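Written out below as structure tokens is the structure these notes cover.
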Amino acid sequence: MGKNIANTTHNFLFCDGGSCQKAGSEEVVRKVRAYLRNNGLWDSTHTIKTRCNGRCEDAPTWIVQPNNYWYKELTPEKGLEIIKSHIHNNEPVEKHLLYQNKWDKVASEKEIPAYKLKPFSILEDTTLGSCYLTRGFASDQYTFPLFLYLKEHSPTSKLILDDNKSILFSDIKEVIYSKQYVLELILEQETIELVIAPINQKDEALVKARISIVEYFHQITTNKKGIRFKNKFGHQLGLIWLSDTAWEYCSKVQLQGLTIEKQPV
Ligand code: FES
């Protein structure tokens with residue numbers, strides 16, 4: 001039988017992502033769990049390992065519930081201090097906090113400024129000709145939503161693969177992202193696989209197949225708009241011709257409001 005979580009008063013969510021592991025998260029987790037076990041607190045608390053909490057610069061991080069307390073730069077000593085304070089006094093340890101509800105910003109000396117998109121620039125591209133072009137985000141957190149949106153809302157957008165195979169989004173039956181780094185486009189007779197997430201950099205074939213650069217362009221002579229995908233060496237992996245509606249979606253969601261007329265602030 002599983003744990004009766006109805007009896008728990010505190011949840012400790014330990015980040016177990018790569019940066020936190022490198023910064024020693026496992027040692028903290030083990031020490032804290034041992035304390036809970038040895039002090040009769042195992043059943044009244046719950047510990048959970050999570051994937052990246054999005055604050056790698058402050059690794060190792062934790063979240064304590066209830067009340068959404070975020071902690072930073074943990075060590076086994078700080079970890080014990082924190083859980084004792086929450087469990088026995090119902091209070092956070094303010095000096096180790098990264099964030100708590102109602103703060104207007106995080107308490108971090110290591111804040112990494114958010115990546116800013118560059119404005120569209122006019123250029124003469126060898127394959128696209130005269131165009132406005134900018135780079136978008138290439139992580140799977142953008143690429144998967146992009147393909148999902150196009151499949152659901154933009155049947156006339158068209159994907160051209162590097163072998164010149166052309167696929168209308170209306171012909172895509174399903175967009176599935178369940179594998180570790182591969183996005184699957186399910187067609188009637190076949191499945192197209194796109195590598196969209198971090199891969200083993202030693203695997204040459206995967207590195208060549210991974211979408212690492214995403215460019216948004218507006219061809220000046222034809223007035224056509226689209227997206228071009230490249231690997232990290234700049235080799236083109238595919239291109240999508242977008243409907244006007246899809247271009248609007250891309251400006252709003254994928255480019256965070258950036259348009260040819262409106263430059264980033
Ligand atoms: S890996 Fe822990 S915050 Fe990113």
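The values are calculated or read from the model by the stated rules, or taken from the named source; none is laboratory data. What you see is a predicted model; the values in this text were computed from it and never measured. Please note: Cβ atoms are built from the backbone with ideal geometry, for glycine as well, and neighbour counts cover all protein chains shown. Accessible surface is based on the protein model in full, side chains and every heavy atom, while ligands, DNA and RNA are left aside. Shrake-Rupley method; radii C 1.70, N 1.55, O 1.52, S 1.80 Å.
A few remarks follow.
- Mean projection area, nm², convex hull over Cα of the chain: 18.8 nm²
- For the stretch 106-227, the solvent-accessible area with a 1.4 angstrom probe is 58 square angstrom per residue.
- Spacing of the modelled spin labels on THR191 and VAL106, each 7 Å from Cα toward Cβ, amounts to 3.6 nm.
- Centre-to-centre separation between the Cα atoms of the stretch 188-211 and those of the stretch 23-91: 36 Å.
- Fluctuation leader among GLY238, GLY226, GLY54 - the chain, Gaussian network, Cα springs under 10 angstrom: GLY54
- With contributions of -39500 (n - 2.57) from each DSSP H run of at least four residues, the per-residue ellipticity at 222 nm computed over the chain stands at -6000 deg cm²/dmol.
- Within straight-line cross-link reach of LYS3, aspartates and glutamates at Cα separation under 14 Å, skipping those fewer than 8 residues along the same chain: ASP43
- Beta bridges per DSSP with both ends in the stretch 121-254, % antiparallel, nearest 5: 95 percent
- Dipole size of the stretch 5-99 about its Cα centre, with +1 on Lys/Arg Cβ and -1 on Asp/Glu Cβ: approximately 200 debye, rounded to the nearest 20.
- Sorted peptide list for 2-12, 195-205, criterion being average Cβ within 10 angstrom, highest first: 195-205, 2-12
- Seen from SER25, the other residues with C-beta closer than 9 Å to its C-beta sum to a net charge of -1, counting Lys and Arg as +1 and Asp and Glu as -1.
- In nm, spacing of pseudo-spin labels at SER178 and ILE160 (7 Å Cα→C-beta vector): 3.3 nm
- Other-chain or far-sequence residues with amide H under 5 Å of LYS232's (modelled H): SER212
- Approximate spin-label separation LYS208-THR8, in nm, with each point projected 7 Å along Cα-to-Cβ: 4.7 nm
- For the stretch 121-254, average projected area of the Cα convex hull in nm²: 8.0 nm²
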